[in-house]
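Each remark here refers to the structure printed beneath this line.
The values are calculated or read from the model by the stated rules, or taken from the named source; none is laboratory data. Every value quoted in this text rests on a predicted model; they were computed, and no experiment measured them. Using ideal geometry, Cβ is built from the backbone for each residue, glycine included, and neighbour counts are taken over all protein chains shown. Heads up: the accessible areas ignore ligands, DNA and RNA and are worked out on the full protein's heavy atoms, side chains in. Shrake-Rupley method; radii C 1.70, N 1.55, O 1.52, S 1.80 Å.
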Amino acid sequence: MKRALAAVLFAAPLAFAQVSQKPADAIVPVGGSTPGQSNARFKTELQLTSRSDVASSGWLIFRPAGLVRRYELAAFATLSFADVVGEMGGSGLGSLDLLVDAGSLPAIVARAYDDQPTGTTGVTVPAIALDSILISSERGVLIAPRDLSRYRFNIGVRAIEAGATLDIIVRAANGTTRRSRSLTFGEHAFLQQPGNDFAGITLQSDDSIEVRIAAGSAIVYATTVDNVTNDGVIQVLRR
């Protein structure tokens, strides 16, 4: 972990009682520190940079584990983590909230990667601002890989404060409907699962998965990962 001269991270996890009681200003939908398939060792890099000549500070919250860390940034300073979840004392998968309690929202770069002795493969995970998260009646579409034997396909959901109900329609490449279902998630729920489980049907190449927010709000994303190299891409639904 790098430290700019006036960028300080308090190392000890802090109780939720000390965190400003307000919604997250931005959410990194998925991050983790965990082993995976094909001998993967997945980690998440995180960089925060002050975009202002005024100092800023706030909190990182890893959900659903509930791990909390304080950050402070001097004007134009940068703070970085090689394995943010591990450095917060956590493991497994989840999402990362960033709450600002002084100053402005920093620039955020997050990268999920497979850390191997020969190098890394990974994908940049966008930080989603609160006003870009899908709310009731809004929708988006995820696309299954064209080669489901070569790639593994997972879909994840991070619900916001009010939870979320999702209406899902799976369509074949020719546009015909293959499956419809609804899923409900509680407050701040996080779940990543194989695409087949999310869809409730065995997906076929080039299927599309329409997701409509029937109630509440949520970030919905999908990852496609090469079974050999663990290189990946991510789709994130947003406004």
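Some observations on this one:
- Normalised per residue, the accessible area of region 151-239 is 41 Å², obtained with a 1.4 Å probe and no contribution from ligands, DNA or RNA.
- For region 173-239, the calculated P(r) over all alpha carbon pairs, in 10 Å bins from 0 to the bin holding the longest distance, is 15, 49, 31, 5 percent.
- The slack between Thr121 and Thr165, meaning 0.36 nm per residue of separation minus the straight C-alpha distance, is 12.5 nm.
- The residues of region 105-147 expose on average 48 square angstrom of accessible surface per residue, using a 1.4 Å probe on protein heavy atoms.
- Among (1) 18.5, 54; (2) 18.2, 58; (3) 16.7, 48, the entry derived from the coordinates for Rg and Dmax of the Cα atoms in Å: (2)
- Across Arg239, Arg181, the residue with the most accessible area heads the list, and the full order at a 1.4 Å probe is Arg239, Arg181.
- Accessible surface of the chain, 1.4 Å probe, proportion on carbon and sulfur as whole %: 52 percent
- Extension gain, Ser208 to Ala82, is 41.9 nm, computed as 0.36 nm per intervening residue step minus the present C-alpha separation.
- Where labels lie 7 Å past Cα in the beta-carbon direction, separation of Arg41 and Ala172 in nm: 4.5 nm
- Ranked order, Ile143, Ile234 - accessible area, probe 1.4 Å, largest first: Ile143, Ile234
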